[in-house]
Amino acid sequence: METVRALMTRELSRLTRSKSWLVMTVVQPAAYLGLFAVGLSGQVGPVTFEGQALSYVLFVLPGLMALQTYQLFHVFVSLASLDRRVGVFSLVMLAGTSPGAYVTSGVLVNGAVAGLQALLVLGLGMALVGRFPAGVGSFGAFAVRAGVALVAWVASVVLWSSAGLMLGLRIQEEEKRDVLWGLLNLPLAFSSSAFYDVRQAPAFIRILSYANPLTYCSDALRFSMYGDPQAAMWRAGLLVALGAVSLGLCLGVVRRTPLVRTHR
C-alpha cells in the first residue's frame, strides 16, 4: 500500500505541475460539449433512441462521458513510453515495485482525473438542457442504473488504461507513438456510438463498431440513462471481461519488460 501511495503521489505531481495539462483537463471535455454537441444540436434536431426523442446534447452526453475513458489510452501510451525511455520505469522496478502496484497507481490517478472530466461533462450537459430526462423511475431503479453505468465506466477505464500502458512500454520512439495515435484516434472514436447511433450507419461502420470497446461503454451509459437497464447490464459485463483480459495482459507485459533498453 505504501508503494502504491508513493507512486500515486509521483503520478499526481507529474500531472498537476503542467499548467497546460490543467487547462486541457477542463477545456477539452467542455469544448466537446459546449461547441461540438451544442453546435450540432441545431443542425441534427431530435435523435430517436429507444422510442424517445432526445435532443442531440442528451444523446451525445453518455458518449462524451465514455470518451474520457478512451482518452486514457493516449495518456498511458505517452506516459509509459516516457517512463521507459528516460529510465524511470527501470528505477521503479529495481526499487522492488510489483507490476500490480505500478499499474494500479497510474490507473487510480488518471482514472480519477477522467472521472472528474466525466462529471464535468454530465454537469454541463444537465445545465444546458435544464433537466434530467424523464423515465428514470424510483430511487431504487435510479440506483441500479447508476450502478450499472459506474461498473461499465470503470471497466472501460481499466481496459483503455492497461492497453495504453502495455503499448507505451513497448513503443519507446516518439515517431512510432505519434503514428500509432494518428492511425487509431479518429477511427476508433468515430467508428463507435459515442457521437451517433451506429445502428443507422453503413454496414462496414456497424461491423467496426462491434469490435470497438468504446461502443459498448457509450451504449452501456446511454441505456443506463435513457433505455433498458438490462441492455446496459450485458454491455457492462462484456466491458468487465475485456477489462480483466487487458489488465492481465498488461501485468504480464510489465513483468516481462526488460529493465535495460536494447538498441537495434
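The values are calculated or read from the model by the stated rules, or taken from the named source; none is laboratory data. Not measured: the values here are computed from a predicted model. All Cβ positions, even for glycine, are placed from backbone atoms using ideal geometry, and neighbour counts span all protein chains on display.
Key figures for this structure:
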item: Verdict on Ser161 being surrounded by 15 or more Cβ atoms within 10 Å (Cβ to Cβ) and at pLDDT below 90; result: no
item: Test for Leu167: is it in contact with a Ser or Thr (Cβ under 9 Å, 6 or more places away or on another chain) and crowded, with 16+ Cβ neighbours inside 10 Å; result: yes
item: Residue match in the stretch 165-173 (condition: at pLDDT below 80 and closer than 27 Å to Val245 by Cα); result: yes
item: Identity of the residue in the stretch 185-194, at pLDDT 85 or above and under 15 Å from Thr69 (Cβ atoms), that ends up surrounded by the fewest Cβ atoms within 10 Å (Cβ to Cβ); result: Ala189
item: Members of the stretch 30-60 that are more than 19 Å from Arg199 (Cα to Cα) and either of a type in the set (S, T, N, Q) or surrounded by fewer than 18 Cβ atoms within 10 Å (Cβ to Cβ) (or both); result: Ala30, Ala31, Gly34, Leu35, Phe36, Val38, Gly39, Leu40, Ser41, Gly42, Gln43
item: Residue tally, condition acidic (Asp, Glu) and in a helix (DSSP H, G or I), over the stretch 186-234; result: 1
item: Counted residues, the stretch 222-259 - those being within 24 Å of Gly51 (Cα to Cα) and in contact (Cβ under 8 Å) with a residue 40 or more places away in the chain; result: 12
item: Answer from Ala127, Ala152, Ala134 - the residue that is at pLDDT below 95 and in a helix (DSSP H, G or I); result: Ala127
item: Conditions (1) touching a residue at least 60 places away in the same chain (Cβ under 8 Å); (2) within 14 Å of the chain's Cα centre (by Cα); (3) within 21 Å of Leu238 (Cα to Cα): number failed by Leu150; result: (1)
item: Matching residues, the stretch 212-240, being aliphatic (A, V, I, L, M) and under 16 Å from the mean Cα position of the chain (by Cα); result: Leu214, Ala220, Leu221, Ala236, Leu238, Leu239, Val240
item: Only listed residue being farther than 22 Å from Leu247 by Cβ and surrounded by fewer than 17 Cβ atoms within 10 Å (Cβ to Cβ), chosen from Gly147, Gly125, Gly87, Gly63; result: Gly87
item: Meets criteria (more than 20 Å from Pro187 (Cα to Cα) and in contact (Cβ under 8 Å) with a residue 40 or more places away in the chain) for Phe59; result: yes
item: Matching residues, the stretch 241-262, being surrounded by 16 or more Cβ atoms within 10 Å (Cβ to Cβ), more than 15 Å from the chain's Cα centre (by Cα) and not β-branched (Val, Ile, Thr); result: Cys250, Leu251
item: The stretch 97-122: number of residues that are in contact (Cβ under 8 Å) with a residue 12 or more places away in the chain and surrounded by fewer than 16 Cβ atoms within 10 Å (Cβ to Cβ); result: 3
item: Given (1) in a strand (DSSP E or B); (2) touching a strand residue (DSSP E or B) at 6+ places or on another chain (Cβ under 6 Å), number of the condition Phe59 does not satisfy; result: (1)
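For (1) at pLDDT below 90; (2) in a loop (DSSP other than H, G, I, E, B), each residue gets a yes or a no:
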site: Gln68; (1), (2): no, no
site: Arg85; (1), (2): yes, no
site: Thr97; (1), (2): yes, yes
site: Val107; (1), (2): no, no
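Each row is one residue, and each column tells you yes or no for (1) under 25 Å from Ala80 (Cβ atoms); (2) without any contact (Cβ under 8 Å) to a residue 60 or more places away in the chain; (3) under 13 Å from the mean Cα position of the chain (by Cα).
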{"position": "Leu124", "(1), (2), (3)": "no, no, no"}
{"position": "Gly182", "(1), (2), (3)": "yes, yes, no"}
{"position": "Ala189", "(1), (2), (3)": "yes, no, yes"}
{"position": "Ile205", "(1), (2), (3)": "no, yes, no"}
